[in-house]
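Trainee: Attaching a single structure in structure tokens format; questions to follow.
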Amino acid sequence: MAFVFKKQIFGFMDLLRFKKMVPKRRKIMAEAPATPLPATYKVNETAKILHPGYQSATLIEVRLETADMKTYVFETEKPFYFRAGQYATLGCNAGGSEVSRPYAFSSSPREALAKKAAFTVKKAGFFSEWLFDNAKPGDKFVIGDPSGDFCYEPIKDAKQIVAIAGGSGITPFYSMAQALADGTDDYSLTLFYGAKTAADLAFRSRLDALAAQMPGKFKVVYVTEKEEEGCEHGFVNLALVKKYVDGDFTVMMCGPSAMYAFQDKELVPLGLPLKRVKKEANCVGVRDAAPAAYDLTVHIGFDTFKVKADAGETLLVAMERAGLKVPSKCRAGGCGFCHSRLVAGKFSIAGADKRRLADGKFGYIHPCCTYPDSDMEIVVPKA
Amino acid sequence: MRKYDAVVIGAGNGGLTAAIRLLQGGARVLLVEKHNIPGGFATSFRRGRFEFEASLHELNDFGTADNAGDVRVLFDELGVTDKIEWLQIPEAYRVISQAEKLDATMPFGVKAFIDKMESYVPGSRKSVTEFFELAEEIRLGQAYTASVNGNADPKVMVRDYGNFVRCGSYSVNEVLKALKMPKKAVDILTAYWCYLGAHCDDLSFVHYASMVNRYILRGASMPKSRSHEISLALTERILELGGDVLFNTEAVKILTDPKDGGVRAVVLDDGTEIETRHVVANCSPHVVFGRMMDKVPESEVRASNSRKFAGRGFTMFLGLNKSADELGIENHNYFLYDTMDSVAQYDRMRTIKDNSVQATVCLNRALPDCSPEGTCMMYFTTLYMSDDWAKVTPENYYKTKNYVADKMISRFEHDTGAKIRDSIEEISVATPMTYARYCGHPQGVIYGYESQYWDGLMPRLQMMAEDHRVRGLRFGSAYAMRLSGYSSAYFAGDISGRQTVGDIKREG
């Protein structure tokens, strides 16, 4: 016979103890205080500062940085925080369309705690042109959650960062330099800032002041196409990097795709592993495709909409063009914020497929990087 | 106004399961989820060339087609088993406490486990064998209890499951002491305690034995495409059965009927009112009674106040640019402890400074192809047993996060001898703030209400009927009757879903 478990001298005492469990719990629950339960908790409140979600913001200042770049300074509804280098979406109703775009913060994380945030945007597309020509202090906008991993990561990055900025790609690095200066972060940063001419360099006097303020920690090298006062000229290339930097470093680059392709070739001799090179993703644009207009059926919540989708544009753009309010964040296929369910239709993905494995299997897509190849039907979460 | 037989709040493991059960019972169901994807913690995320598993270390009690565990039986009934590709975990776990010179790797299979234990701890065979006999009787006793919907006949229980009843009121340590198990065997056997989040003086033996027995008896499984695959499979099943699912949609209020105080409607974040008389809330009663309902019975407030939050979660995810072989990472699942005294260890887990416990997984040891060739993925989890993270300000947040991450890496390297730091290609860290934001749980708790002695598995199951105090409102998740863990959450959703089908039928 199997063994008989017994803890007390007589087994029935164990049985009695078992019987008392329910009355005991009943009593503890009935006798606990009737103090009202908290509506929120400290950790959850801190989480709201780290991840504020969408919040309203008032434009309080517009500064012209160069002929085609302006800084837009906002007062936000709530204090929040981010990591220098991160982006957020900026959105509003621009001429009848609900539009938003991801921009890197050009202000410091510390200012965000005081409800102040800035984006510096180059006039280079529908929304940025609209901003440049129309935005004025007092206007209301919506700012999304700080996002992205284009940041200094002390556990894996070298203590030295080589930053390569092309044009408006300067913004995350300007935020990073400010976070270095105020002690938020601690590493050394050498910034190679390329622009067409010296007149196209934004923040120059402030970058110089930051470099003077923290010698040994922050250095800035301006690179213009032709010879100009205080600038290197030509392209940012390996020889130039080697002139200013030695030892182990992590490369962070932010600029147009052509610049990434050029730098990838330049860096080959260094044999850097993948972990030593970070590139900020660029928004997916139009594709070269035979012109075609497809019918796109979109289910949002309990509603269904029928809109037109152009073969050359992403599903996200098609929906926005039709005035639908739909989620978007990175607009580069990677963050998964626009995760939507495919009901029917054929499609192509721009660049590498960055969906989760199971998404392909169960038919989910990221509309921000998906072009229609037929009429399509999708289910999109509300924005 | 839109009308449903039932609204399920939260598409976590319990909510997804409850929705399917309700649909199978003929109900019209709306499932709302505040996040943009289903699963709650059962999800995955991409970083560079890696897709990380967000939370699942291994799915317990699943087994294989010819040695099916209860979760597989449930998934068969739900109609989702074949939608998911399953792989088996190779060995149970490796437990290391350098301070106590303990390093043991335990296999699956009861006999293999007992034999291995005897090799580590000569003289342990009798007590460990008795442990598994007790555990098996508990499993059978629980199956009987479930088969009669919780109304177990005390005479049958005492006659057929006497050992279960006699050990049923004791803690893990009390029973193992009565079995006269050698200390080192106790240390090895209780290594899983951190998966249940209560120390072994507090943790109910029945709960622990039941879990360990299922692990060792049936092995453990993993979905090939991370737990996101399970969550999408369950969602697909809900849609097949005609359920409505809304993502990016938070239920903010539950309106009650002044006549009986029961459920009347659910209000969504955009102000939409959904008429329903039944809700399965896959979230904390603290949240529901703290801010979602305006009229809360005092008994619910008292009951909620009596309970203790279990561990607040912290996980570090690493994508490494070398293979597990190259790095010398030998095992799938490691438990690294300072001390094998779970009471003392629990105490050290209260603060950020003192806590350096970790349950660590190298996913490639279960799924060799889960990351590109020449790479591997790891995740490191710990729990905090107090609200120490509440003291962390936004300005100190990233520094604190990195401090813990750094400590975890050093600890792993020190205890296992594998060197991983220089191979980190991707890193991501989830803290209590992350969990608080992601699933809305108070203080970043990931384990629901703690499995304290008086509030453990047995009394919760026995009091299931009287814990249901508001007409039309039932709970899923780790806060419910089956406590924390993936399998428990699926079962909680299963039970609450089926009970709600019964409630609807009774109303006619």
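Trainee: Can you tell me which residues in segment B:52-64 are assigned to a strand (DSSP E or B), of a type outside the set (A, V, I, L, M, F, W, C) and away from every other protein chain (no Cβ under 13 Å)?
Mentor: Residues of segment B:52-64 that are assigned to a strand (DSSP E or B), as a first pass: B:52-53, B:59-60, B:63-64.
After this cut, where a residue has to be of a type outside the set (A, V, I, L, M, F, W, C) as well, the list is B:53, B:60, B:63-64.
Answer for segment B:52-64, where residues must be assigned to a strand (DSSP E or B), of a type outside the set (A, V, I, L, M, F, W, C) and away from every other protein chain (no Cβ under 13 Å): B:N60, B:G63, B:T64.
Trainee: Something else now. Could you grab me the full set of residues in segment B:232-242 that are more than 10 Å from chain A (Cβ to nearest Cβ) and either surrounded by fewer than 21 Cβ atoms within 10 Å (Cβ to Cβ) or touching a Ser or Thr at 6+ places or on another chain (Cβ under 6 Å) (or both)? Can you show your working first?
Mentor: Of the residues in segment B:232-242, the ones more than 10 Å from chain A (Cβ to nearest Cβ) are B:234, B:237-238, B:240-242.
Result: B:E240, B:L241, B:G242.
Trainee: Those residues that are within 26 Å of B:S484 (Cα to Cα), among the polar types (S, T, N, Q) and more than 12 Å from chain A (Cβ to nearest Cβ), I need them from segment B:243-299; list them, please.
Mentor: B:N282
Trainee: Taking segment B:435-454, which residues are at pLDDT below 95 and either among the basic types (K, R) or part of a helix (DSSP H, G or I) (or both)?
Mentor: B:Y438, B:C439, B:Y453, B:W454
Trainee: Select from segment B:288-313 the residues that are basic (K, R) and over 13 Å from A:A34 (Cα atoms) and list them in ascending order. Explain how you work it out, then say what you get.
Mentor: Of segment B:288-313, the ones basic (K, R) are B:291, B:295, B:302, B:307-308, B:312.
Matches in segment B:288-313: B:R291, B:K295, B:K308, B:R312.
Trainee: I'd like the residue in segment A:44-89 that is in a loop (DSSP other than H, G, I, E, B) and among the hydroxyl-bearing types (S, T, Y) and, out of all such residues, is nearest to A:P172 (Cα to Cα). Steps first, answer last, please.
Mentor: Within segment A:44-89, the subset in a loop (DSSP other than H, G, I, E, B) is A:51-54, A:67-68, A:77-86.
Pick out the ones that are also among the hydroxyl-bearing types (S, T, Y) and you get A:54, A:81.
On the way: A:Y54: 20, A:Y81: 15 Å.
Here the residue is A:Y81.
Trainee: Right, another one. Which residue out of B:G271, B:G262 is touching a Lys or Arg at 6+ places or on another chain (Cβ under 9 Å) and surrounded by fewer than 21 Cβ atoms within 10 Å (Cβ to Cβ)? Even if it seems obvious, please write down each step before you answer.
Mentor: On the way: B:G271 fails: touching a Lys or Arg at 6+ places or on another chain (Cβ under 9 Å).
It is B:G262.
Trainee: How many of the residues in segment A:296-343 are among the hydrophobic types (A, V, I, L, M, F, W, C) and under 18 Å from the mean Cα position of the chain (by Cα)? Step through it out loud before you land on a result.
Mentor: Let us first name the residues in segment A:296-343 that are among the hydrophobic types (A, V, I, L, M, F, W, C), namely A:296, A:298, A:300, A:302, A:305, A:307, A:309, A:311, A:315-319, A:322, A:324, A:326, A:330, A:332, A:335, A:337-338, A:342-343.
Then drop every residue that is not under 18 Å from the mean Cα position of the chain (by Cα), which leaves A:316, A:326, A:330, A:332, A:335, A:337-338.
Residues meeting the conditions: 7.
Trainee: If you don't mind, there's one more thing I want to ask. Would you be able to say whether some residue in segment A:330-339 is in contact (Cβ under 8 Å) with a residue 12 or more places away in the chain, over 18 Å from A:G144 (Cα atoms) and among the aliphatic types (A, V, I, L, M)?
Mentor: No, segment A:330-339 has no match at all.
Trainee: How about segment A:140-187: which of its residues are touching a residue at least 24 places away in the same chain (Cβ under 8 Å) and β-branched (V, I, T)?
Mentor: Hits for segment A:140-187 are A:V142, A:I143, A:I161, A:V162, A:I164, A:I170, A:T171, A:T184.
Trainee: Would you confirm, using the coordinates I've provided, whether B:F113 is within 14 Å of chain A (Cβ to nearest Cβ), buried (at least 18 other Cβ atoms within 10 Å of the Cβ) and of a type outside the set (S, T, Y)? Steps first, answer last, please.
Mentor: Numbers: within 14 Å of chain A (Cβ to nearest Cβ): no; buried (at least 18 other Cβ atoms within 10 Å of the Cβ): yes; of a type outside the set (S, T, Y): yes.
In short, no.
Trainee: Does any residue in segment A:1-25 that is within 8 Å of another protein chain (Cβ to nearest Cβ) come within less than 7 Å, Cβ to Cβ, of a residue that is of a type in the set (F, W, Y) six or more places away or on a different chain, and which pairs are these?
Mentor: Pairs that qualify, where the first residue is within 8 Å of another protein chain (Cβ to nearest Cβ) and the partner is of a type in the set (F, W, Y), are A:K7/B:Y170; A:K24/B:W454; A:R25/B:W454.
Trainee: Has segment B:18-31 got any residue that is within 14 Å of chain A (Cβ to nearest Cβ), under 30 Å from A:F302 (Cβ atoms), surrounded by 19 or more Cβ atoms within 10 Å (Cβ to Cβ) and touching a strand residue (DSSP E or B) at 6+ places or on another chain (Cβ under 8 Å)?
Mentor: yes
Trainee: How about segment B:218-239: which of its residues are modelled with pLDDT under 95 and either assigned to a helix (DSSP H, G or I) or among the hydroxyl-bearing types (S, T, Y) (or both)?
Mentor: Selection gives B:R218 alone.
Trainee: Can you give me the number of residues within segment A:102-121 that are crowded, with 20+ Cβ neighbours inside 10 Å and assigned to a strand (DSSP E or B)? Before you say what the answer is, go through the steps one by one.
Mentor: Taking segment A:102-121 and keeping what is crowded, with 20+ Cβ neighbours inside 10 Å, we get A:102-109, A:112, A:117-121.
Applying the additional criterion that residues be assigned to a strand (DSSP E or B) yields A:102-105, A:117-121.
Total meeting the criteria: 9.
Trainee: For B:D415, are the conditions met, namely being closer than 26 Å to A:I28 by Cα and either touching a helix residue (DSSP H, G or I) at 6+ places or on another chain (Cβ under 7 Å) or assigned to a loop (DSSP other than H, G, I, E, B) (or both)?
Mentor: So B:D415 fails the test.
Trainee: Out of (1) in contact (Cβ under 8 Å) with a residue 24 or more places away in the chain; (2) within 14 Å of chain A (Cβ to nearest Cβ); (3) surrounded by fewer than 22 Cβ atoms within 10 Å (Cβ to Cβ), the odd one out for B:D406 is which?
Mentor: Failing condition for B:D406: (1).
Trainee: Report, by residue number, each residue of segment B:36-51 that is crowded, with 21+ Cβ neighbours inside 10 Å and either closer than 24 Å to A:F302 by Cα or more than 10 Å from chain A (Cβ to nearest Cβ) (or both).
Mentor: The answer is B:I37, B:P38, B:G39, B:G40, B:F41, B:A42, B:F50.
Trainee: Regarding segment A:258-265, can at least one residue be identified that is surrounded by fewer than 13 Cβ atoms within 10 Å (Cβ to Cβ), within 30 Å of A:A309 (Cα to Cα) and away from chain B (no Cβ under 14 Å)?
Mentor: There is at least one residue in segment A:258-265 that is surrounded by fewer than 13 Cβ atoms within 10 Å (Cβ to Cβ), within 30 Å of A:A309 (Cα to Cα) and away from chain B (no Cβ under 14 Å).
Trainee: Further question: Considering only residues that are in contact (Cβ under 8 Å) with a residue 60 or more places away in the chain and more than 21 Å from the chain's Cα centre (by Cα), which ones fall in segment A:43-101?
Mentor: Of everything in segment A:43-101, those that are in contact (Cβ under 8 Å) with a residue 60 or more places away in the chain and more than 21 Å from the chain's Cα centre (by Cα) turn out to be A:I60, A:E61, A:V62, A:E65, A:T66, A:A67, A:D68, A:G96, A:S97.
Trainee: Need the failing condition index for B:P90 against (1) modelled with pLDDT under 95; (2) assigned to a helix (DSSP H, G or I), just the number.
Mentor: All conditions pass for B:P90, except number (2).
Trainee: With the condition kept exactly as written, say whether any residue in segment B:453-472 is aromatic (F, W, Y) and within 12 Å of chain A (Cβ to nearest Cβ).
Mentor: Here is the first cut: in segment B:453-472, the ones aromatic (F, W, Y) are B:453-454.
Retained after the next criterion (residues that are within 12 Å of chain A (Cβ to nearest Cβ)): B:453-454.
Yes - at least one qualifying residue is present in segment B:453-472.
Trainee: Ok, one more. Identify the residue in segment A:347-368 that is charged (D, E, K, R) and in contact with a Lys or Arg (Cβ under 7 Å, 6 or more places away or on another chain) and, among all such residues, is farthest from A:V317 (Cα to Cα).
Mentor: Once the filter is applied, the top-ranked residue is A:R356.
Trainee: Only residues that are closer than 30 Å to A:G85 by Cβ and either without any contact (Cβ under 8 Å) to a residue 40 or more places away in the chain or out of contact with any Gly (no Cβ under 7 Å at 6 or more places or on another chain) (or both): list them for segment A:281-303, please.
Mentor: Applying the first criterion (closer than 30 Å to A:G85 by Cβ) to segment A:281-303 yields A:281-287.
Hits for segment A:281-303 are A:N282, A:C283, A:G285, A:V286.
The values are calculated or read from the model by the stated rules, or taken from the named source; none is laboratory data. Remember, predicted model here, so these are calculated numbers, not experimental data. All Cβ positions, even for glycine, are placed from backbone atoms using ideal geometry, and neighbour counts span all protein chains on display.
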